[in-house]
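Colleague: Below you will find the structure I want to go over with you.
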Amino acid sequence: MENIAYKDMDKEKSKIVIDKLSEMYPNAKCELNFHSAYELLIATMMSAQSTDVRVNIITEDLFENYYTPEQMVTLSEEELQEKIKSCGLYKSKAKNILATSRILIEKYNGQVPKSIEELTTLPGVGKKTANVVASNVFGIPAIAVDTHVFRVANRIGIAEGKTPEKVEEQLMEAIPKEKWSDSHHYLIWHGRRICKARKPECEVCNLKYECNYYNKR
């Protein structure tokens, strides 16, 4: 199915896949721990090239005393680096977390903006992070394309793209808007539990007969 435009793909297949995933993962949700929009924003920024499990370990301690932008900016960049150094790219993450926190204080009265457009103007906040926050905190329909969503969607064949942006665009066409946020979680959970990067467990997957990857094998 290489180089086939999404409009030529089977939309019915997308419905079947999402329906099956909803049955497989009825309790799928964000696996980052948070109690506020700010906490989720920071946790998601930290999750790049790191696992949710690792981020949750770090934020369990970090958010005890630094769970608002006002508290976070009392830390120096070096102090924050020390607190988050067990996650990848911790130096750049510390810099962006503090820069974003200052902007939230100066421009947004310490609050996290609701719109995806405003979120993506913050240092270290890309479209994926903005979609995660908008969807999970503010109830705005969105599909955040991380490595799991990108891999699973392409393997199954409900999207086909070489960039996260293209996959996001195709999934938004394939899936009804009211199911975008839930579908994002379904695809992530499937990627973590069955459709793993190195050794997908195809034989136990309920989607194998719909899956391009399995059928090509």
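The values are calculated or read from the model by the stated rules, or taken from the named source; none is laboratory data. The model shown is predicted, which means the values in this text are computed figures rather than measured ones. We place every Cβ from the backbone using ideal geometry, glycine too, and count neighbours over all the protein chains shown.
Colleague: State all residues of region 69-82 that are surrounded by fewer than 17 Cβ atoms within 10 Å (Cβ to Cβ) and β-branched (Val, Ile, Thr); if no residue qualifies, say none.
Modeller: Hit for region 69-82 is 74, nothing else.
Colleague: Still on this structure: Taking region 17-55 as the search range and keeping residues that are β-branched (Val, Ile, Thr) and in the same structural domain as residue 71 (by TED's automatic domain parsing), which one is surrounded by the most Cβ atoms within 10 Å (Cβ to Cβ)?
Modeller: This residue is 42.
Colleague: Just to be sure before I move on: is residue 141 in contact with a Ser or Thr (Cβ under 7 Å, 6 or more places away or on another chain) and free of Cβ contacts under 8 Å to residues at least 60 places away in the same chain in the structure I sent?
Modeller: So residue 141 passes the test.
Colleague: In the list 161, 191, which residue meets the criterion of being modelled with pLDDT under 95, crowded, with 17+ Cβ neighbours inside 10 Å and either under 19 Å from residue 13 (Cα atoms) or not assigned by TED's automatic domain parsing to the domain that holds residue 120 (or both)? Outline the logic, then answer.
Modeller: Numbers: 191 fails: modelled with pLDDT under 95.
It is 161.
Colleague: Pull up region 84-116, narrow it to residues that are in a helix (DSSP H, G or I) and over 23 Å from the mean Cα position of the chain (by Cα), then point me to the one that is surrounded by the most Cβ atoms within 10 Å (Cβ to Cβ).
Modeller: Here is the first cut: in region 84-116, the ones in a helix (DSSP H, G or I) are 84, 90-108, 116.
Applying the additional criterion that residues be over 23 Å from the mean Cα position of the chain (by Cα) yields 102, 105-108.
Values: 102: 14, 105: 16, 106: 10, 107: 13, 108: 14.
Among residues in region 84-116 that are in a helix (DSSP H, G or I) and over 23 Å from the mean Cα position of the chain (by Cα), the one surrounded by the most Cβ atoms within 10 Å (Cβ to Cβ) is 105.
Colleague: How many residues are of a type outside the set (S, T, N, Q) and either in contact with a strand residue (DSSP E or B) (Cβ under 9 Å, 6 or more places away or on another chain) or closer than 15 Å to residue 85 by Cβ (or both) when one looks only at region 49-59?
Modeller: Residues of region 49-59 that are of a type outside the set (S, T, N, Q), as a first pass: 52-55, 57-58.
Among the residues that remain, those that are also either in contact with a strand residue (DSSP E or B) (Cβ under 9 Å, 6 or more places away or on another chain) or closer than 15 Å to residue 85 by Cβ (or both) are: 54-55, 57-58.
Number satisfying all stated conditions: 4.
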